[in-house]
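First, the structure itself, so that you have it in front of you.
The values are calculated or read from the model by the stated rules, or taken from the named source; none is laboratory data. Small disclaimer: the values here were computed from a predicted structure and weren't measured. As a convention, Cβ positions derive from the backbone with ideal geometry for all residues, glycine included, and neighbour counts pool all protein chains shown.
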Amino acid sequence: MNIIEMVNLTKLYGKSRGIQDVNLNIAQGEIFGFIGPNGSGKSTTIRTLLAFIYPNSGSAKIFGKNCFSHSAEIKREVGYLPAEVNYYDDMKVKDLLAYSAKFYQKDCKPRIHYLSDLFEMDLNKRIDSLSLGNKKKVAIVQALLHEPKLLILDEPTGGLDPLMQNIFFELLKEENKRGTTIFFSSHILSEVEKLCDQVAIIKEGKIITVQSVEKLRNNKFKRFKIEFHGLESGKAFDLALGGVKDLKIENQHVEFLFNGKINDVISRLAQEDVVNLLIVEPSLEEIFIHYYEK
C-alpha cells in the first residue's frame, strides 16, 4: 500500500521554477529520502503535498485520500517538521505544545513529557529565550506528539548538535519500527545514507532518479587512488577510457571516480610502474554529484 502518491504534480511560480511533473510513490513503512540542493524543489513538493500551496496541475494523495479535498482529515495523522520554524515568542514551550495537542483530540501529555526528556528540553522556557537548536527540538516534539502514521521532515536536523542528531535518528528508527512511514527531505547526503531505504533525487524541480540507497551505492562506481613511481609517471598518466569522472593528478598521485569495467583500468595500469593502488566505494555524495552533472 502506498502512503503517498504524486502523479505529474506541478507547481509553477510565474517564470520562476517550482516543480514539474513530479511522480513519486512512497510505500507504507518506508523511510524514504528526498535529496537535492537548496532550491531544487524539495520544499515546494512538500508544501504542495500538504496543501499549504495548490498545484497548477497533477494530483497527490496521502493514505489514499486527495490531499486538497481531505486536507484537514489527513493532517490529523501526519507529523510535519518544516525547515524553518516560527513561533509566538512570548509563549512558553509547554503552552505551545499543549495548544498543538488540542488539534488531535487525544491525551498527548505522556508523549510530550517523554519526548521532552529525551531531547533535554525545559518546558517552562519562553520561546524567545531558545536557541535555534532548542527551537528545532520543540518543532520535533510538536511533529511527533500525536504519534502520527506519517512523518514529513523537511531539512530536519538544521540547528541540532551532533549528539541530538544521533538521538533524533534513533527516535526515527524506533518510530519506523512501530509502523510510521517517514518522508525525509535533506541536502545532507550522509543523513539519507544512514537512515533511508529508498531515495529520490530532485534537480531543478524534476525527479531525475528513484533508487534504493543500496543500488545507488552499488551502481559500479568506484574511486581509484593510485601512486606511481616517480613524478613523471603520474604526470604522464592519461586515461583514454570512458566513465572517468573527477580526475585529479598531483605529481605521482592520481585519483578519479570510475563507472565501467575495472579490468579496463587494471589493463591500463599494467603498463605503468605502480607503487600503491586503492579502490574504494564512493560516498553517496559523490554519486549524487554525478547525477547532477549528467
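Scan segment 129-186 for residues that are β-branched (V, I, T) and assigned to a helix (DSSP H, G or I) and jot them down.
Applying the first criterion (β-branched (V, I, T)) to segment 129-186 yields 138, 140-141, 152, 157, 167, 180-182.
Selection gives V138, I140, V141, I167.
Give the residue that is nearest to the chain's Cα centre (by Cα), with candidates limited to residues of segment 1-20 that are in a strand (DSSP E or B) and charged (D, E, K, R). Give the derivation first.
Of the residues in segment 1-20, the ones in a strand (DSSP E or B) are 2-13, 16-20.
Pick out the ones that are also charged (D, E, K, R) and you get 5, 11, 17.
Values: E5: 18, K11: 21, R17: 21 Å.
Filtering segment 1-20 for residues that are in a strand (DSSP E or B) and charged (D, E, K, R), the one nearest to the chain's Cα centre (by Cα) comes out as E5.
Continuing with this model, one more query. Please find, within segment 165-205, the residue that is nearest to the chain's Cα centre (by Cα) out of those that are farther than 25 Å from M121 by Cβ and surrounded by fewer than 15 Cβ atoms within 10 Å (Cβ to Cβ).
Narrowing segment 165-205 to residues farther than 25 Å from M121 by Cβ: 179, 181, 187, 189-190, 192-193, 196-205.
Checking which are surrounded by fewer than 15 Cβ atoms within 10 Å (Cβ to Cβ) leaves us with 179, 190, 204.
Details: G179: 19, S190: 9, E204: 16 Å.
If we take residues in segment 165-205 being farther than 25 Å from M121 by Cβ and surrounded by fewer than 15 Cβ atoms within 10 Å (Cβ to Cβ), then S190 is nearest to the chain's Cα centre (by Cα).
Here's a follow-up. Please indicate, with yes or no, whether at least one residue in segment 123-139 is in contact with a His (Cβ under 8 Å, 6 or more places away or on another chain) and crowded, with 18+ Cβ neighbours inside 10 Å.
There is no residue in segment 123-139 that is in contact with a His (Cβ under 8 Å, 6 or more places away or on another chain) and crowded, with 18+ Cβ neighbours inside 10 Å.
Sticking with this one: Within segment 252-270, how many residues turn out to be closer than 19 Å to E227 by Cβ and at pLDDT below 80?
Kept after step one, since they are closer than 19 Å to E227 by Cβ, are these residues of segment 252-270: 252-258, 262, 265-270.
Keeping just the survivors that are at pLDDT below 80 gives 268.
Qualifying residue count, segment 252-270: 1.
Answer yes or no: is there a residue in segment 36-44 that is of a type outside the set (S, T, Y), surrounded by fewer than 14 Cβ atoms within 10 Å (Cβ to Cβ), at pLDDT below 95 and more than 15 Å from E204 (Cα to Cα).
no
I've got another one for you. Please list, ordered by first then second residue, the pairs with beta carbon atoms under 7 Å, 6 or more apart or interchain, first in segment 257-285 and not assigned by TED's automatic domain parsing to the domain that holds E193, second of a type in the set (S, T, Y).
Within 7 Å, the pairs are E272/S233; D273/S233.
Of the residues L144, L150, L130, L163, which is free of Cβ contacts under 8 Å to residues at least 12 places away in the same chain and not hydroxyl-bearing (S, T, Y)? Steps first, answer last, please.
Values: L144 fails: free of Cβ contacts under 8 Å to residues at least 12 places away in the same chain; L150 fails: free of Cβ contacts under 8 Å to residues at least 12 places away in the same chain; L130 fails: free of Cβ contacts under 8 Å to residues at least 12 places away in the same chain.
Result: L163 is the single residue among L144, L150, L130, L163 that is free of Cβ contacts under 8 Å to residues at least 12 places away in the same chain and not hydroxyl-bearing (S, T, Y).
Only residues that are touching a Leu at 6+ places or on another chain (Cβ under 9 Å) and part of a helix (DSSP H, G or I): list them for segment 53-82, please.
Scanning segment 53-82 gives S71, I74, K75.
Okay, next question. When you go through (1) in contact (Cβ under 8 Å) with a residue 60 or more places away in the chain; (2) touching a strand residue (DSSP E or B) at 6+ places or on another chain (Cβ under 8 Å); (3) closer than 24 Å to D90 by Cα one by one for A139, which number turns out not to apply?
Going through the list (1) in contact (Cβ under 8 Å) with a residue 60 or more places away in the chain; (2) touching a strand residue (DSSP E or B) at 6+ places or on another chain (Cβ under 8 Å); (3) closer than 24 Å to D90 by Cα, A139 breaks only (1).
Within segment 68-115, can you find the residues that are charged (D, E, K, R) and surrounded by fewer than 15 Cβ atoms within 10 Å (Cβ to Cβ)? Before you say what the answer is, go through the steps one by one.
Step one: list which residues in segment 68-115 are charged (D, E, K, R), which gives 73, 75-77, 84, 89-90, 92, 94-95, 102, 106-107, 109, 111.
Those that are charged (D, E, K, R) and surrounded by fewer than 15 Cβ atoms within 10 Å (Cβ to Cβ): E73, R76, E84, D89, D90, K102, K106, D107, K109.
Residue by residue, here is whether (1) in a loop (DSSP other than H, G, I, E, B); (2) within 16 Å of the chain's Cα centre (by Cα) holds:
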position	(1), (2)
V22	no, no
N25	no, yes
F32	no, yes
T44	no, yes
R47	no, yes
A51	yes, no
V85	yes, no
Y88	yes, no
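Any residue in segment 112-124 that is in contact with a Lys or Arg (Cβ under 6 Å, 6 or more places away or on another chain) and among the aromatic types (F, W, Y)?
Yes - at least one qualifying residue is present in segment 112-124.
Here's a check for you: in segment 118-128, which residue that is assigned to a loop (DSSP other than H, G, I, E, B) and not basic (K, R) is farthest from G29 (Cα to Cα)? Spell out the reasoning first.
Taking segment 118-128 first, the residues assigned to a loop (DSSP other than H, G, I, E, B) are 119-125.
Right, trim to not basic (K, R) and you get 119-124.
Numbers: F119: 24, E120: 28, M121: 29, D122: 32, L123: 31, N124: 35 Å.
Filtering segment 118-128 for residues that are assigned to a loop (DSSP other than H, G, I, E, B) and not basic (K, R), the one farthest from G29 (Cα to Cα) comes out as N124.
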